[in-house]
Each structure stands twice: as C-alpha cells, then as structure tokens.
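Colleague: Before I ask anything, let me first share the structure, which is written out below as structure tokens.
The values are calculated or read from the model by the stated rules, or taken from the named source; none is laboratory data. Just so we're clear, the structure is a prediction, and the values are computed from it rather than from any experiment. FYI the Cβ positions are ideal-geometry reconstructions off the backbone, even for glycines, and counts take in every protein chain you see.
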Amino acid sequence: MTEQKQAVQPQACPKCGAPPDVRKAGANRVWVQCAKFGANGNCNVICSPQPTRKEAVAVWNRLK
C-alpha cells in the first residue's frame with residue numbers, strides 16, 4: 001500500500017477569513033500572514049517565523 005503525501009494547506013485567516021499568504025525570507029524563515037496584513041488591509045494576524053513551510057503552516061493553522 002502506498003501512502004501519498006499531500007502538502008498541508010494553510011486555513012483562512014482566523015480573524016477575518018481572508019486567504020493566507022505564505023512568505024519566505026532567506027533559507028530558514030517562513031511565515032504565514034493574512035492577505036489583508038499591513039499595507040494590503042487592516043488585519044494584523046501573522047504567525048511567528050519557522051524554519052520550514054510545513055512548520056509555519058502548522059503554527060498558522062493552530063491560531064485562534
């Protein structure tokens with residue numbers, strides 16, 4: 001039996017419901033923020049930087 005790996009997808013913003021935006025800076029800094037964060041709108045939800053996309057999405061999906 002083969003197991004297919006699927007990339008974990010970030011959920012909608014827990015505050016406003018907007019789509020998430022995965023950002024990367026350098027080799028080991030990945031975070032997820034609301035698409036309406038900062039200059040794009042008035043939502044302030046952002047997760048802490050993580051070393052991988054998978055970890056950043058996991059942190060984002062746990063935000064409430």
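Colleague: Restricting to the stretch 9-43, and then to whatever is out of contact with any Cys (no Cβ under 8 Å at 6 or more places or on another chain) and of a type in the set (Gly, Ala, Ser), can you tell me which residue is farthest from residue 59 (Cα to Cα)? Spell out how you get there, then give the answer.
Modeller: We begin by selecting, within the stretch 9-43, every residue out of contact with any Cys (no Cβ under 8 Å at 6 or more places or on another chain); these are 9-12, 14, 17, 22-30, 38-40, 42.
Checking the rest, the ones that are also of a type in the set (Gly, Ala, Ser) come to 12, 17, 25-27, 38-39.
Numbers: 12: 13, 17: 17, 25: 17, 26: 19, 27: 18, 38: 20, 39: 23 Å.
Out of the qualifying residues, it is 39.
Colleague: Would you say residue 59 is touching a Lys or Arg at 6+ places or on another chain (Cβ under 6 Å) and modelled with pLDDT of 95 or more? Break it down into steps so the answer makes sense when it comes.
Modeller: Working: touching a Lys or Arg at 6+ places or on another chain (Cβ under 6 Å): no; modelled with pLDDT of 95 or more: yes.
No.
Colleague: If you don't mind, another one. Go through the stretch 44-56 and count every residue that is out of contact with any helix residue (DSSP H, G or I) (no Cβ under 9 Å at 6 or more places or on another chain) and either more than 9 Å from residue 30 (Cα to Cα) or among the charged types (D, E, K, R) (or both).
Modeller: Just the residues of the stretch 44-56 that are out of contact with any helix residue (DSSP H, G or I) (no Cβ under 9 Å at 6 or more places or on another chain), to begin with: 51-56.
Filter again for either more than 9 Å from residue 30 (Cα to Cα) or among the charged types (D, E, K, R) (or both), leaving 53-55.
Residues flagged as out of contact with any helix residue (DSSP H, G or I) (no Cβ under 9 Å at 6 or more places or on another chain) and either more than 9 Å from residue 30 (Cα to Cα) or among the charged types (D, E, K, R) (or both) within the stretch 44-56 amount to 3.
Colleague: Here's something else I'd like to know. Only one of (1) in a loop (DSSP other than H, G, I, E, B); (2) under 10 Å from the mean Cα position of the chain (by Cα) fails for residue 56. Which number is that?
Modeller: Of the numbered conditions (1) in a loop (DSSP other than H, G, I, E, B); (2) under 10 Å from the mean Cα position of the chain (by Cα), the odd one out for residue 56 is (1).
Colleague: Among all residue pairs at least 6 apart or on different chains, which show Cβ distances below 7 Å where the first residue, located in the stretch 31-47, is under 9 Å from residue 18 (Cβ atoms) and the second is in a loop (DSSP other than H, G, I, E, B) and of a type in the set (Gly, Ala, Ser)?
Modeller: 34/18; 35/18; 36/18; 43/18
Colleague: Look through the stretch 4-51, keep the residues that are surrounded by fewer than 12 Cβ atoms within 10 Å (Cβ to Cβ) and not small (Gly, Ala, Ser), and return whichever of them is modelled with the lowest pLDDT.
Modeller: 4
Colleague: Same structure again: What single numbered condition from (1) touching a residue at least 40 places away in the same chain (Cβ under 8 Å); (2) in contact with a strand residue (DSSP E or B) (Cβ under 7 Å, 6 or more places away or on another chain); (3) among the charged types (D, E, K, R) fails to hold for residue 54?
Modeller: For residue 54, the exception is condition (2).
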